[in-house]
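Quick notes on the structure that follows.
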2 protein chains.
Amino acid sequence: MGSDSNHLADLSVVKSVSLTSALEKELERLILTGELEPGERINEIHLSNRFGTSRGPIREATRSLEAKGLVEVVRNRGVFVRRLSVEDAVEIYDVRAALFGQAGRLLAERMTDGLLGQLTRMVDEMDAVAERGSFDDYYPLNLSFHNLIVGSCGNRTLQAEYHRFVNKLHLFRARALVQGGGLAVSNREHRAMLEALASGDGDRAQMTHWRHVALAKRRLIAAVDGAASRID
Amino acid sequence: MGSDSNHLADLSVVKSVSLTSALEKELERLILTGELEPGERINEIHLSNRFGTSRGPIREATRSLEAKGLVEVVRNRGVFVRRLSVEDAVEIYDVRAALFGQAGRLLAERMTDGLLGQLTRMVDEMDAVAERGSFDDYYPLNLSFHNLIVGSCGNRTLQAEYHRFVNKLHLFRARALVQGGGLAVSNREHRAMLEALASGDGDRAQMTHWRHVALAKRRLIAAVDGAASRID
DNA sequence: CGATTCCTGATTGTCTACAATCGACGGATG
DNA sequence: CATCCGTCGATTGTAGACAATCAGGAATCG
């Protein structure tokens, strides 16, 4: 853990960034990587000792993280990394589906040959990886594919919002459950999205993109039910 | 303005609310009502004098408001109520359309006779008000109608998010421009939404709800262009 | 022995003070 | 007259101190 405080020290050397902002970024990183786990309490004094700052900026940072939905601030008790229930995760998937669908629509209406080629190569590569059944290789490609779509839709507000929700899903500690349905199924949905994007049809793109996330939600629910049955 | 500090005093009497939380609520109210105007600087010392608190809780509150997109914190310069450009507003409308569409879909899939009756009465009432051409009477009804839909969709995350974006649009000081297209046109779109909700068809409901906000966006753009032409 | 109460240490919430930064204004210079 | 530089007051960013609150452990009671 010692290297982490070095991380913050590097940031504060650049004096254009306030301590509060640097702390917020670092805390967010600790949360998203799982070093601070859901339900875990964020102790101001420990953190201030660890980072060599006073408690003020830490308090400011945690207020911001609360508004972003990554922590919960309980008066007189402390700040806790937010714990997501299955119900929470399902709700977040619905929001994410809506945003991703809208990103698909916006992108279909402004698609270029270059971008379409890039996206196509990514889907081809995911096909190859899926054949090998390698989730660890597939996941980052899948992430890049989604990020390129959202990042190219031309709406920064939508992009920022989408990523906030994707970040929040990091709190749902059930990544192994997300494999449900198989990689080939997931990439077939990517192909349908691609075709819709190529067609320039906004309605169709919105529907295929929305459906991809909605089906992922369903796979999650099925996996959770399956896991619960296995426990019983 | 003196009555506003009484507002905060009332809140702090109830000791279950921290000063920071009370200040955040009050600042948000001041921003959303327009008492603190877009671009205006929030002066910590003035506010701490006004509310009889130290600056610490004010700083914490403004960090949260920043994450909610209502203010911008500029290091060493201060906190400014966020100013929305037309482009910002258009981006927000797109996000709002996506969320509203999703709310429509979710509601269509869980509609009850009682709720449908309630929504129908509201649309009928809006018809009557629209005939009189009374925007001031129409607007709150319209707001209630939208809120009932989103509030009944069964997804709290979506609801909270939708309202965050509606709040942000308060920063766009061009409410007079939102009248474009006429009240009767707007309420015809409400009827299409109603029919879709009654049919229980999620696809159809999502599309009609999405379209309603998307058309409102178009009307806004047209009104902005019209206003610009009139200036030239 | 289990349940209840009390005490104390740890932590949080807020305040005050100090240092750093910025912008406005006035004076000097070309 | 325009531009540049220096000064100063206002404000922001942060640290440290003090008071309030809570949870856990120990003591007491039934």
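The values are calculated or read from the model by the stated rules, or taken from the named source; none is laboratory data. None of these values were measured; they are calculated from a predicted model. A quick note on method: Cβ atoms are made from the backbone with ideal geometry, for glycine too, and the neighbour counts reach across all protein chains shown. Heavy atoms of the whole protein, side chains included, go into the accessibility calculation; ligands, DNA and RNA do not. Shrake-Rupley method; radii C 1.70, N 1.55, O 1.52, S 1.80 Å.
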Rounded, prolate or oblate: which fits chain A when a ≥ b ≥ c are the square roots of the eigenvalues of the alpha-carbon gyration tensor, with rounded for a/c under 1.5 and prolate only if a/b beats b/c? prolate
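What number do you get for the range B:85-149 when its Cα radius of gyration is normalised by 2.2 N^0.38 Å, N = residues?
Values: Rg = 14.2 Å, N = 65, 2.2 N^0.38 = 10.7 Å.
Taking N as the residue count of the range B:85-149, the ratio is 1.32.
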Shortest first and in nm to one decimal, what separations exist between B:THR112 and its copies in the other chains, measuring from label points 7 Å along the Cα-to-beta-carbon line? 5.2
So for the range A:79-162, averaging the separation of alpha carbon pairs under 8 Å that are six or more residues apart and normalising by length, what relative contact order in percent results? 41 percent
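Dividing the convex hull volume of the Cα atoms of the protein assembly as shown by its residue count, what figure in Å³ per residue is obtained?
Working: hull volume 91.6 nm³, N = 464.
Per residue, the Cα convex hull of the protein assembly as shown comes to 197 Å³.
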Can you list the copy-to-copy distances for B:GLU37, using a point 7 angstrom from Cα toward Cβ, in nanometres, shortest first? 5.3
Positions from the range A:68-97 whose accessible area shrinks by 30 Å² or more when the full protein complex is built, not the chain alone, probe 1.4 Å: A:ARG75, A:GLU91, A:ASP94, A:VAL95
Helix B:183-199 against the longest principal axis of chain B: what's the angle in degrees, Cα atoms only, rounded to the nearest 10? 70 degrees
Percent RCO, i.e. relative contact order, over the range A:29-173, from Cα pairs under 8 Å lying at least 6 residues apart: 29 percent
Pseudo-label separations to other copies for A:ARG75 - Cα-to-Cβ vector, 7 Å, nm: 3.3
Distance in nm between label sites at B:ASN167 and A:SER85, each 7 Å beyond Cα in the beta-carbon direction? 2.3 nm
Given a 1.4 angstrom probe, I'd like the percentage of the accessible area of the range A:86-231 that is carbon and sulfur, rounded to a whole number. 51 percent
For chain A, the longest principal axis of the Cα atoms and the Cα long axis of helix A:86-108 enclose an angle in degrees, to the nearest 10, of 60 degrees
Along the charge dipole of the protein assembly as shown, pointing to its positive end and built from +1/-1 on Cβ of Lys, Arg, Asp and Glu, which listed residue (A:ALA89, A:LEU171, A:SER152) has its Cα farthest out? A:LEU171
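Looking at the range B:61-170, which trypsin sites (Lys or Arg not before Pro) are DSSP coil and have at most 15 other C-beta atoms within 10 Å of their C-beta?
Of the trypsin sites (Lys or Arg not before Pro), the ones in loops of the range B:61-170 whose Cβ has at most 15 other Cβ atoms within 10 Å are B:ARG75, B:ARG77, B:ARG83, B:ARG110.
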Tell me, what is the 1.4 Å probe accessible area of A:ASP124, in Å² to the nearest 10? 70 Å²
What is the mean number of Cβ atoms from other protein chains located within 10 Å of the Cβ atom of each residue in peptide A:120-131, rounded to a whole number? 0
For the pair B:ARG110 and B:ARG191, how long in nm is the line joining their label points, each one 7 Å along Cα→Cβ? 2.9 nm
Can you list the residues of the range B:44-65 that have at least 10 square angstrom less accessible area with all protein chains present than in their chain by itself, probe 1.4 Å? B:ARG59, B:GLU60, B:ARG63, B:SER64
Net charge of Cβ neighbours under 13 Å - reference A:LEU215; Lys, Arg +1; Asp, Glu -1: +4
In degrees, nearest 10, range 0 to 90: what is the angle between the Cα axis of helix A:135-151 and the longest Cα principal axis of chain A? 90 degrees
Counting only other chains, and only Cβ atoms inside 10 Å, what mean value do you get across the residues of B:139-150? 0
